[in-house]
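Here is the structure we will look at.
Derivation of every value follows stated rules applied to the coordinates shown; laboratory data play no part. Owing to the predicted nature of the structure, the values given are computational and were not obtained by experimental measurement. We place every Cβ from the backbone using ideal geometry, glycine too, and count neighbours over all the protein chains shown.
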Amino acid sequence: MKKLLTSLFLFISVISFAQEITYYNEDGEKVSKHEPYYRSEIIIPDSTGKKHVYVKRFRPDGSLASIDMYKNKNKKVINGLSIQFDSMGVKDYEATYFEGKLDGYLKRFWPNGVVKRWDRYNLGEFQGGSCFDIEGKEVAYYKFFEPAFFIGGPRALSAYLGSNLVYPEILVLQRKIVTGQVKISFVVEADGSISNAKIVKGINPACDLEAMRVIINMPKWVPAILEGKAIRSRYTQPINFASR
């Protein structure tokens, strides 16, 4: 217990010396400090000499939004404690990760500090959990998060792509054979509509444009659900162009 308390203290009281500030928009893209931004963050090296880094994220008003521990400074693998705060500075989320997977516990809190949920995980596998009302009384369990999905599931999505994707006519006329995979990132809004589509990986302007056309014309998805509430979420879809 003493070791755990010491780790928590070090986590919360990370070094406060000046660090470079990076700014991001709502889609997670870097922007300059002179542009409208959704969050800013600083990276703080672990003072124990390990490669781990702490990332502190802030809202535009300067309030602390979260503190996360990552395996290294590329921020791809969360490894350790993750804490989030509401706009009033009250902790509303706490979880432990190992190698990018939930491992240990995930807790949510009501604004009065009472535990809202307590889920248990083992290397990413859900082991069980409990949910509570604002007074701490246990209530029927409900899932923490459910990702967005295409109505009908992966097979229906594959069928939609297969029946709607057309090899670009300009490449046919030019007798060019272009093969490969285009990756399109897009947002599934809280109402299931598709927005903010962008090319993550392209192979040819004509193929990229066709992939974008198919994505932005998709029917509505079932949106992601966070604790019973529909939310917007970003999704990346690969689209393959094969030789004919």
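Spacing of the modelled spin labels on GLU135 and ARG213, each 7 Å from Cα toward Cβ, amounts to 6.0 nm. Charge dipole (Cα centre; +1 on Lys/Arg Cβ, -1 on Asp/Glu Cβ; no other charges) of the stretch 157-244 amounts to roughly 220 debye.
In order along the stretch 186-201, phi translates into HN-Hα couplings of 8, 9, 9, 6, 4, 9, x, 6, 9, 8, 6, 6, 8, 7, 8, 9 Hz, rounded to whole numbers, per the Karplus curve 6.51 cos²θ - 1.76 cosθ + 1.60 with θ = phi - 60° and x for Gly and Pro. Multiplying the residue separation of ILE43 and SER195 by 0.36 nm and removing their Cα-Cα distance gives an extension gain of 51.7 nm. Look at the alpha carbon pairs under 8 Å that are at least 6 residues apart: their mean separation over the length of the chain gives a relative contact order of 10 percent.
Taking each residue as 0.36 nm, the span from LYS30 to VAL178 lengthens on full extension beyond its C-alpha to C-alpha distance by 50.1 nm. Using the Cα gyration tensor of the stretch 96-179, with a ≥ b ≥ c the square roots of its eigenvalues, what is the shape: rounded (a/c below 1.5), prolate (a/b larger than b/c) or oblate (neither)? Note, shape of the stretch 96-179 comes out prolate. In summary, the lysines within cross-link reach of LYS201, defined as a Cα separation below 22 angstrom excluding same-chain residues under 8 places away, comprise LYS30, LYS75, LYS76, LYS176, LYS183.
Relative to the longest principal axis of the Cα atoms of the chain, the long axis of helix 154-164 makes an angle of roughly 30 degrees. Calculated from the structure at hand, percent of Cα pairs over 29 Å apart is found among (1) 45; (2) 38; (3) 35 as (1). Considering only GLU169, GLU189, GLU227, the mean-square fluctuation computed in a Gaussian network model of the chain, springs between alpha carbons under 10 angstrom, is largest for GLU169.
Which value does Rg/Rh take for the stretch 154-241 over its C-alpha atoms, Rh per Kirkwood? Radius of gyration relative to Kirkwood radius: 1.04. Look at the dipole of the stretch 122-244 built from charges on Cβ: of ALA140, THR179, LEU165, the Cα furthest out on the positive end belongs to THR179.
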